[in-house]
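Visitor: Sharing a structure here in structure tokens format.
Bear in mind these aren't lab numbers, they're just calculated from the coordinates by the rules spelled out. Treat the numbers as computed from the prediction; the structure is a model and nothing was measured. Note that we place each Cβ from the backbone using ideal geometry, even for glycine, and neighbour counts take in every protein chain shown.
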Amino acid sequence: MSLEKITKSYERIKNILPDDVQLVAVSKTHPADQILHVYNLRQRVFGENKVQELVEKYPLLPKDIQWHLIGHLQTNKVKYIAEFIDTVQSVDSEKLLEEINKQAGKHQRKIKVLLQVKIAEEETKFGLEIHEAKEIFQNYINGKFPNVEITGLMGMATFTDDQNQIVKEFTLLKQIFDKLSLLKKLDVLSMGMSDDFPVAIQCGANSVRIGSAIFGSRQYDL
């Protein structure tokens with residue numbers, strides 16, 4: 001996609017989004033020059049799926065970018081991003097959270113994380129079962145992970161044309177978010193991507209992950 005088209009797409013998305021909804025511009029598979037272009041449109045929060053790709057892009061781009069890791073994260077890859085990652089949105093196990101806590105401690109910083117809850121019916125989706133998310137959050141409240149800050153929840157709906165099912169899944173995550181917030185206030189409910197973000201916002205999302213609707217189709221020649 002040309003930079004001119006990216007500008008128009010980005011501005012269209014920004015005009016649609018309510019002021020209180022955070023846009024995470026998903027830049028996975030897209031080159032640094034396109035990311036810099038969107039950065040120059042005053043976007044500061046970008047999402048990447050893969051550690052290797054993020055590590056390659058990080059030194060090429062402004063250091064005030066808030067990088068979010070939104071894809072499945074292996075524990076042995078945490079050390080490569082611990083020094084600079086702003087938020088890990090895809091915490092799908094207590095083992096992973098323990099490693100993030102460990103690596104954050106090495107850099108004397110706190111890393112923000114979202115607990116990824118499995119709300120989709122698809123078997124391929126990663127995520128915590130609801131009871132696991134509750135248990136991990138309680139452990140966090142009890143002080144088990146001093147070098148991380150659980151700021152909210154993330155979830156992905158089933159890839160389907162059935163709007164009722166999508167609404168059902170997003171509504172479930174909002175209910176879990178509200179219940180956990182009674183124990184300790186959560187700030188971020190990340191749900192919704194290019195195809196379903198308007199529905200997600202209607203269901204209570206205040207952070208959306210939008211890639212193809214800004215950058216166009218994914219580029220796999222990196």
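Visitor: In contact (Cβ under 8 Å) with a residue 60 or more places away in the chain and crowded, with 22+ Cβ neighbours inside 10 Å, is that true of M193? I'd like the intermediate steps shown before the answer.
Guide: Numbers: in contact (Cβ under 8 Å) with a residue 60 or more places away in the chain: yes; crowded, with 22+ Cβ neighbours inside 10 Å: no.
Spelling it out, it is not the case that M193 is in contact (Cβ under 8 Å) with a residue 60 or more places away in the chain and crowded, with 22+ Cβ neighbours inside 10 Å.
Visitor: Identify all residues within the stretch 21-40 that are among the β-branched types (V, I, T) and either over 24 Å from V188 (Cβ atoms) or part of a helix (DSSP H, G or I) (or both); write none if there are none.
Guide: T29, I35, V38
Visitor: Another one. If you check V45, V88, V148, which single one turns out to be within 21 Å of K184 (Cβ to Cβ) and within 14 Å of the chain's Cα centre (by Cα)?
Guide: V88
Visitor: Report the residue count in the stretch 135-179 for those that are in contact with a Lys or Arg (Cβ under 7 Å, 6 or more places away or on another chain) and closer than 24 Å to V208 by Cβ.
Guide: Total satisfying the criteria: 4.
Visitor: Across the stretch 170-190, which residue is nearest to N15 (Cα to Cα) among those that are in contact with a strand residue (DSSP E or B) (Cβ under 7 Å, 6 or more places away or on another chain) and in contact (Cβ under 8 Å) with a residue 40 or more places away in the chain?
Guide: Checking each candidate, the answer is S190.
Visitor: Another question about this same structure. Where residues in the stretch 13-28 are surrounded by 12 or more Cβ atoms within 10 Å (Cβ to Cβ), touching a residue at least 40 places away in the same chain (Cβ under 8 Å) and of a type outside the set (V, I, T), which of them is farthest from I201 (Cα to Cα)?
Guide: Looking at the filtered set, the residue picked out is K28.
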